[in-house]
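Below you will find the structure I want to go over with you.
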Amino acid sequence: MGWQRTMVLGLAALALLLTACRRGERPASSHAFYYWRTTFDLTTAEQRALSELSVDKLYLRAFDVVLGRDDAPELVGVVQVRENLALPENVEVVPVVFLKNQIFVNAEPEGESALALQVWKELSNLGKALGKARDFQELQLDCDWTDLTRERYFAFVRALRALSPPGLRMSATIRLHQIKFRERTGVPPVDRGMLMFYNMGSFSGESKDRSIFDAEAAQRYLARLDTYPLALDAALPIWSWTLQLRDGQVVGLLQSTDPAELPRLDFVAPQTEQRFEVTRTTFLHGTLLRAGDVLKAETLSAADLRQAASLLTQNLARPASVRRTVALFDLAERNLSRYGLPALEQTFQTVR
Amino acid sequence: MAFLPWSRRFKRFASGPVLLLAALVVGGDGQPQAQACGYTEPSMSELSTFDPAVAGEPVDLGLQYDVNTTGVGDRCAECERRSMREDWRGYFDGLLNDADWEEALLRANAADLSALEASVASGQAPVRLRPLFVTVQRQPTLKLRLLRALSYVKIAREAEAVANLSNATSPAERQRLQVPLQKAAAAAVARRDPFLAQRYSFLRLRVTFYQRRWQEVEQMVASLPELNRPSLDLAWRSRHYLAGALRRTGKLAAANLELARIHAGSKLLAGIAAADFQPQEDADWRATLQQAGDPQTRALLWRMVGLKFDGLAAAQEIFKLEPTSKLLALLIVRELTRSEASDNLPDPTKLDAALEKLVLAIAATPGADRPWLMDLVGGHLAAKRGDVTAARDRLQRALSARPDDQRLRNQARASLSMALAHRGKTDPASLKELAELMLAQDPQFPNLGVVNRQVRGLLASAVARKGGKIDAEFLAPGTSSVPESSWQDPMFLQRMLARTKQQRTAFDRFVLASNHTRESLELELGLHRLFHNQLASAQQQLAGQTAGTLELNADPFVTRIKDCFDCDFGSRRSDGKAWTLHELTVSLNSLQTRANRDGDAAARASLALGTALYNLTLLGSARSIAKYTHQATYDTSAALYWYRRAYALARDRELKAQAAYLAAKAERGTLFAKRPPSTRPNEDLPLPSTWFPLVKTFADTAYHRQVLAECGTYRTWFARQPSR
């Protein structure tokens, strides 16, 4: 019986060891994308990406709240859902409401409740428009609030929560400066934060400066990331854009211009791989380009994306068992094709 | 992180015509939009150094406007009503009073209109429309015209109700108007009534547009000549609907071309056309230019680009197309003023350089439009670089071309002044020329304030570099190299005063045309002396001076336990008159004589001195006189000196208690004054640690009881003290 006892003990020890190792690992992340166009309509490539990347969630821009006439908040740009849109069953749709910080600057006292009601009504309409009167599991608020607007914004969040069903999770986007200066800006009263790990660089005409993601600039904000008193998910950038430069300064941002289209234009001449000089005055996606302007394309390479993902993994808090959501901004064919699905999968796997 | 989709720019495309036409037919009270209260946007003359009106362009075309801001896309409701009024006046041959007809056109309800129609036969008109009815009765030739006009108004009201893209209006409601409108238009054409034929056809066009039958709108505009006259306003509005339809069928190039033509042809619609004008891609833009057909129309298109997007680029393109174009002047002048007024241009000097190159090229072109204006602009741009030679040369050419143009002369004078100031020379001849130019400037020159500030500022820097700090301070008060601490130096104040006496040369006079006047400087010196207890000097200095006659806003001898500015505001002497500053110094000197003696009387005199000096500080009730001077202070040291003396002299306990408490207030003021200004919140005054304990020793006095009752700060402190 002696060897059997030894075997049992050995197996038990091994089991313990394995368990101990798994307890130290982070669970695999939940995969997500942001969808940020005004018409919700998935192309075949986008559908495939959702499937092949095992995407659990889609953060859908629902509408914006901006300062309207008479400086009152106004809901604009409500997303239009294409009729008969085939939404994958296993993908949870999380509506995102973007609130311009300005609306809270001079907001009327006690106006937060009225705004919350307005927002809630519109969200209810969106639920119906998604065809199945979906009950959202989560709602996300996107606002770059400041120390001056924190109280009003937080009051709005509380008012919105009071209107929502008890089980509805609320999350809010958190920007790096809000992590770093949390004592000033406060922590919103939500269940989870979505760390926007991008736009920490500077808009500049210099080739070395990068506005979408800059690892060096990011480092300045990472020190306190793991102690932020809110569980954090993470959003990483996969979009690209083009800066319009004039006399060395940034005069415009062509958000809807894919850098990949620049070499094909017959009114620009390449200076480098990323810089193009405008050779005649004309229009591009509604923006007037003056002859002599320089278009500076900014894209994040796959290596940069990996680096961003790694930085996050090294610096985010290690929760015991909560599954972190990693979201890529944003779901669009051109972004998917720029990286390829394997690179994006690797990004998802890197952040835990 | 939301990125606003560019497509949102199109959202208000059709809203403009709706609003405009609502006013035309049934809407609007014609009142201008209410202005937001409390803040007015500065005008261009307050922001730039170039008077755009010198170009002679009609200002309402927008020499100064930005098409994306309020004031351009906005309606001119009165302009629309005037246009409409003129149309109808023509229809009625001036036989109907405008106001009477407008009562029917704009304000009468459906029942009244029907009643008026019936009344023309029956003689029973609704009361509010009676004047109209009476006029028609007197002039039977009007009767038929009025009946036809009333029929039009009734159906126009119905059309207005469906003239929207809202899904709340059913297609059937819109459709049912088509037949009667078509019939009415045809009938008007048949009887050779172009006025109503146009109006009915226009209503049909509108209804068709709001039925989203875009192709039909295009066809109607092409095939219905009655849309084009007699009212030009309606003709252009028809084309605006055409532009909208073209856009909605993807014919962006044609739509933008139409909008450019509308902008050029219709003042009423210029703003909305500019707002709606939006090329998207190189392809549609090139198509628009190609469809334009001729250089003049292409120039119109570029002008739209210039007004809305980029004036310099547009001007450069227009110059290539048509070097003598009349469209260049407005764009150039606008860019010139914009480069100064805008605070978000990447590098205004680069814009100026490009503009300068362009205007020189235009000026050198045979047959150019307003070459004198290009010379003037060129001279102004050279002036901004400090190139006096080039500026002088070009400005002189402009003046020679138009010697009787006063606006031009004023601008040239201003520009040359700027050239000299930018050059920065301080030799006597340069200073003399500059001063003479500025002193000769027409006070009506609209940009005088900005030019003056700029010239004085540049000159201040130049003279300061040569050691002329006093002149620099006169030229640019507060912005020169004189540190704020200089204002506490009586020698500096006396040098400033002495400068005011030197008025011999033009430069002297220009320097002294400053916010620093003899009076203000006398006030500074007088207050300085008072706050430093130099009472005799203050009295002597202010005697016979204007500063001495300035009145205090309150009786400075009123003393309170708890300061109350509002309570004492306007308080006067016992004879009912306000204290003047000189009178105060006389009184203070008299008190000083008594205070320098002994006993309670001296103590009372000391208290009064302390109170007056306390009340002149920013903590006191008579602070208004010093508030806007460099002597304004929280420092109550001068008052504390006298309160201390009062305490030392007083024998009566109540009097001593009062002196102690007032000294405590003054002590607090001195502590507060020592804090940096940025750390001074309103209510948080430090505790007087020396004098509060002394006040406490008078706890047995009635005055102390009063202090406890009125002064919360002391009461709180007192409550925390350990009891014996």
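I'd like to verify a number: residues in region A:205-247 that are open to solvent by 50 Å² or more (accessible area, probe 1.4 Å) and over 27 Å from A:R182 (Cα atoms), how many?
Total satisfying the criteria: 4.
Within region A:36-131, which strands (runs of 3 or more DSSP E) (wholly inside it) include 2 or more residues that are open to solvent by less than 10 Å² (accessible area, probe 1.4 Å)?
Those strands (runs of 3 or more DSSP E) span A:55-67, A:92-99.
Quick one: in region B:414-457, which of the residues that are open to solvent by 60 Å² or more (accessible area, probe 1.4 Å) and of a type in the set (K, R) is farthest from B:H516 (Cα to Cα)?
My answer is B:R423.
Here is a list of conditions, (1) surrounded by 21 or more Cβ atoms within 10 Å (Cβ to Cβ); (2) in contact with a helix residue (DSSP H, G or I) (Cβ under 9 Å, 6 or more places away or on another chain); (3) touching a residue at least 40 places away in the same chain (Cβ under 8 Å), and A:T350 meets all of them except one; can you say which number that is?
(1)
If you go through region A:138-167, how many residues are assigned to a loop (DSSP other than H, G, I, E, B) and either over 17 Å from A:S124 (Cα atoms) or open to solvent by less than 10 Å² (accessible area, probe 1.4 Å) (or both)?
7
Further question: Any idea which of B:L535, B:L497, B:L512, B:L542 is farther than 17 Å from B:A632 by Cβ and touching a His at 6+ places or on another chain (Cβ under 6 Å)?
B:L542
Kindly evaluate B:L588 against the criterion of being part of a helix (DSSP H, G or I) and either under 37 Å from the mean Cα position of the chain (by Cα) or surrounded by fewer than 19 Cβ atoms within 10 Å (Cβ to Cβ) (or both).
Judged against the criteria, B:L588 is not a match.
Suppose we filter B:S43, B:S122, B:S83, B:S114 for residues that are closer than 30 Å to B:A398 by Cα and either touching a strand residue (DSSP E or B) at 6+ places or on another chain (Cβ under 6 Å) or modelled with pLDDT under 90 (or both); which single one remains?
After ruling out the rest, the residue left standing is B:S43.
Select, from A:E333, A:E273, A:E345, the only residue that is more than 14 Å from every other protein chain (Cβ to nearest Cβ), without any contact (Cβ under 8 Å) to a residue 40 or more places away in the chain and open to solvent by 10 Å² or more (accessible area, probe 1.4 Å).
On inspection, the qualifying residue turns out to be A:E273.
Another question, then. When you scan region B:564-573, do you find a residue that is more than 39 Å from the chain's Cα centre (by Cα) and either assigned to a helix (DSSP H, G or I) or polar (S, T, N, Q) (or both), even just one?
Among the residues of region B:564-573, not one is more than 39 Å from the chain's Cα centre (by Cα) and either assigned to a helix (DSSP H, G or I) or polar (S, T, N, Q) (or both), which makes the answer no.
Return the residues of region A:180-199 that are more than 15 Å from A:R324 (Cβ to Cβ) and buried (at least 22 other Cβ atoms within 10 Å of the Cβ); say none if nothing qualifies.
Scanning region A:180-199 gives A:P188, A:V190, A:Y198.
Right, here's the next one. Can you name the residue in region A:276-292 that is more than 7 Å from chain B (Cβ to nearest Cβ) and in a strand (DSSP E or B) and, of all such residues, is most open to solvent (accessible area, probe 1.4 Å)?
So, considering only residues that are more than 7 Å from chain B (Cβ to nearest Cβ) and in a strand (DSSP E or B), the one most open to solvent (accessible area, probe 1.4 Å) is A:E277.
I'd like the full set of residues that are out of contact with any strand residue (DSSP E or B) (no Cβ under 8 Å at 6 or more places or on another chain) and away from every other protein chain (no Cβ under 14 Å), limited to region A:219-256.
Hits for region A:219-256 are A:Q219, A:R220, A:Y221, A:L222, A:A223, A:R224, A:D226, A:T227, A:P229.
Based on this model, can you work out whether B:L395 counts as surrounded by 24 or more Cβ atoms within 10 Å (Cβ to Cβ) and without any contact (Cβ under 8 Å) to a residue 40 or more places away in the chain?
So B:L395 passes the test.
Something else now. On the given criteria, is B:K251 open to solvent by 10 Å² or more (accessible area, probe 1.4 Å), in contact (Cβ under 8 Å) with a residue 60 or more places away in the chain and among the charged types (D, E, K, R)?
no
Which numbered condition trips up B:A341, out of (1) open to solvent by less than 40 Å² (accessible area, probe 1.4 Å); (2) farther than 17 Å from B:V54 by Cβ?
(2)
Only one residue in B:K320, B:K326 is open to solvent by 20 Å² or more (accessible area, probe 1.4 Å), within 14 Å of chain A (Cβ to nearest Cβ) and without any contact (Cβ under 8 Å) to a residue 60 or more places away in the chain, so which one is that?
Matching residue, one of B:K320, B:K326: B:K320.
Also: How many residues, within region B:289-317, are among the basic types (K, R), more than 9 Å from chain A (Cβ to nearest Cβ) and within 30 Å of the chain's Cα centre (by Cα)?
So the count comes out to 1.
So A:S202 passes all but one of these: (1) surrounded by fewer than 16 Cβ atoms within 10 Å (Cβ to Cβ); (2) assigned to a strand (DSSP E or B). Which condition number does it fail?
(2)
For region B:382-413, which positions are over 22 Å from B:A354 (Cα atoms) and of a type in the set (G, A, S)?
Within region B:382-413, B:S400, B:A401 meet the criteria.
Being modelled with pLDDT under 95, open to solvent by less than 60 Å² (accessible area, probe 1.4 Å) and not hydrophobic (A, V, I, L, M, F, W, C) is the filter; apply it to region B:682-713 and report the residue that is farthest from B:Y641 (Cα to Cα).
B:G712
Considering (1) within 14 Å of chain B (Cβ to nearest Cβ); (2) in contact (Cβ under 8 Å) with a residue 24 or more places away in the chain; (3) not in a loop (DSSP other than H, G, I, E, B); (4) not charged (D, E, K, R), say which one A:L305 fails and leave the rest.
(1)
What about B:R286, is it more than 25 Å from A:L262 (Cβ to Cβ), within 13 Å of chain A (Cβ to nearest Cβ), out of contact with any Ser or Thr (no Cβ under 6 Å at 6 or more places or on another chain) and open to solvent by 40 Å² or more (accessible area, probe 1.4 Å)?
When the stated conditions are applied, B:R286 does not pass them.
Would region B:654-673 turn up any residue that is open to solvent by 60 Å² or more (accessible area, probe 1.4 Å) and either at pLDDT 95 or above or within 20 Å of B:A538 (Cβ to Cβ) (or both)?
The answer is yes, given that some residue of region B:654-673 is open to solvent by 60 Å² or more (accessible area, probe 1.4 Å) and either at pLDDT 95 or above or within 20 Å of B:A538 (Cβ to Cβ) (or both).
Within region B:354-385, can you find the residues that are touching a residue at least 12 places away in the same chain (Cβ under 8 Å), small (G, A, S) and either farther than 20 Å from B:R409 by Cα or surrounded by fewer than 24 Cβ atoms within 10 Å (Cβ to Cβ) (or both)?
B:A354, B:A361, B:A363, B:G367, B:A368
Name every residue in region B:155-169 that is surrounded by 15 or more Cβ atoms within 10 Å (Cβ to Cβ) and assigned to a helix (DSSP H, G or I), in order of residue number.
Correct list: B:I155, B:A156, B:R157, B:E158, B:A159, B:E160, B:V162.
Go through region B:485-556 and tell me which helices (runs of 4 or more DSSP H), entirely inside it, have 1 or more residues that are modelled with pLDDT of 95 or more and among the charged types (D, E, K, R).
In region B:485-556, the matching helices (runs of 4 or more DSSP H) lie at B:490-499, B:506-512, B:518-531.
So, one more: Go through (1) more than 18 Å from B:C564 (Cβ to Cβ); (2) at pLDDT 90 or above; (3) open to solvent by 40 Å² or more (accessible area, probe 1.4 Å) for B:T679 and report which single condition fails.
(2)
The values are calculated or read from the model by the stated rules, or taken from the named source; none is laboratory data. Bear in mind the structure is a predicted one, so any value in this text is a computation, not a measurement. Glycine gets a Cβ as well: all are built from the backbone with ideal geometry, and neighbour counts include every protein chain shown. Keep in mind that these areas ignore ligands, DNA and RNA; they rest on the heavy atoms of the full protein, side chains included. Shrake-Rupley method; radii C 1.70, N 1.55, O 1.52, S 1.80 Å.
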